[in-house]
Amino acid sequence: MDLDIFNAKNPWRQGAVPDAPAIERSSLAPLVAALGDPAVTLLLGARAAGKTTLLLHVIREAIGSRLAAPQDVFYFDLDTMACGDVLASNRSLLDFVGTSQEPRIVVIDEAQRLPNPGLLLKSVHDLHLPIKLLATGSSSLELRSRIRESLAGRRQTFHLWPLSPS
């Protein structure tokens, strides 16, 4: 993975929490509340519905509320980052994010681009580490077709609709 691109996509790790656009969605509060639940959080919606913008709001809230320290929030954008090496397995992800007992948040934007996102999400979740996983997909059908492993009992799913205040 190119660390320069990772750092550019994760400015809070250098002390600069980016301003998210001003539109606040009603889905924000439930998504922030879901950070306290160990289940994998899936945010599904059409392209350009505002998933990434909403994630920036969630990250701002998580850091501002001290749910995780800035250096413990990891954002991977599979549209613009070559991070397949880090997301290849639970071991490679843990090597990158660490295994401390401090709460960490791992966000995987456009998770359907992974070869088998369900296996990665399930295998990290089942380690019962203090790692909150959030994953987005451009459509529920596209992401679900890429999830071969069952996340039954391990996930919360939110839908973000385009041009909607929710």
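The values are calculated or read from the model by the stated rules, or taken from the named source; none is laboratory data. Keep in mind that what you see is a predicted model, and the values were worked out from it rather than measured. All Cβ positions, even for glycine, are placed from backbone atoms using ideal geometry, and neighbour counts span all protein chains on display. Heavy atoms of the whole protein, side chains included, go into the accessibility calculation; ligands, DNA and RNA do not. Shrake-Rupley method; radii C 1.70, N 1.55, O 1.52, S 1.80 Å.
Give me the pairs, please: first residue somewhere in segment 64-92 and within 24 Å of residue 118 (Cβ to Cβ), second residue anywhere and among the hydroxyl-bearing types (Ser, Thr, Tyr) and assigned to a helix (DSSP H, G or I), beta-carbon distance under 7 Å, and either six or more positions apart or on two chains.
As it stands, the answer is 85/92; 86/92; 90/123, since those pairs meet every condition given.
Quick one: in segment 87-103, which of the residues that are of a type in the set (A, V, I, L, M, F, W, C) and more than 16 Å from residue 134 (Cα to Cα) is modelled with the highest pLDDT?
To start, the set of residues in segment 87-103 that are of a type in the set (A, V, I, L, M, F, W, C) comprises 87-88, 93-94, 96-97.
Those still in the list that are more than 16 Å from residue 134 (Cα to Cα) too: 88, 96.
Working: 88: 93, 96: 96.
Looking at residues that are of a type in the set (A, V, I, L, M, F, W, C) and more than 16 Å from residue 134 (Cα to Cα), I get 96.
Can you name the condition, by its number, that residue 75 falls short on among (1) outside any loop (DSSP other than H, G, I, E, B); (2) open to solvent by 70 Å² or more (accessible area, probe 1.4 Å); (3) modelled with pLDDT of 90 or more?
So residue 75 meets the others, but not (2).
Select from segment 36-72 the residues that are open to solvent by less than 30 Å² (accessible area, probe 1.4 Å) and in contact with a helix residue (DSSP H, G or I) (Cβ under 6 Å, 6 or more places away or on another chain) and list them in ascending order.
Residues of segment 36-72 open to solvent by less than 30 Å² (accessible area, probe 1.4 Å): 39-45, 49-51, 54-55, 57-59, 62-63, 68, 72.
Within segment 36-72, 40, 41, 43, 44, 45, 57, 58, 63, 68 qualify.
Looking at (1) open to solvent by 10 Å² or more (accessible area, probe 1.4 Å); (2) at pLDDT below 90; (3) touching a helix residue (DSSP H, G or I) at 6+ places or on another chain (Cβ under 8 Å); (4) of a type in the set (Gly, Ala, Ser), which one does residue 140 not meet, given that it meets all the others?
Condition not satisfied by residue 140: (3).
Within segment 10-33, restricting attention to residues that are at pLDDT 90 or above and open to solvent by less than 60 Å² (accessible area, probe 1.4 Å), which residue is nearest to residue 157 (Cα to Cα)?
Top of the filtered list is 10.
From the list 124, 106, which one is under 16 Å from residue 35 (Cα atoms) and at pLDDT 95 or above?
On the way: 124 fails: at pLDDT 95 or above.
Among 124, 106, only 106 is under 16 Å from residue 35 (Cα atoms) and at pLDDT 95 or above.
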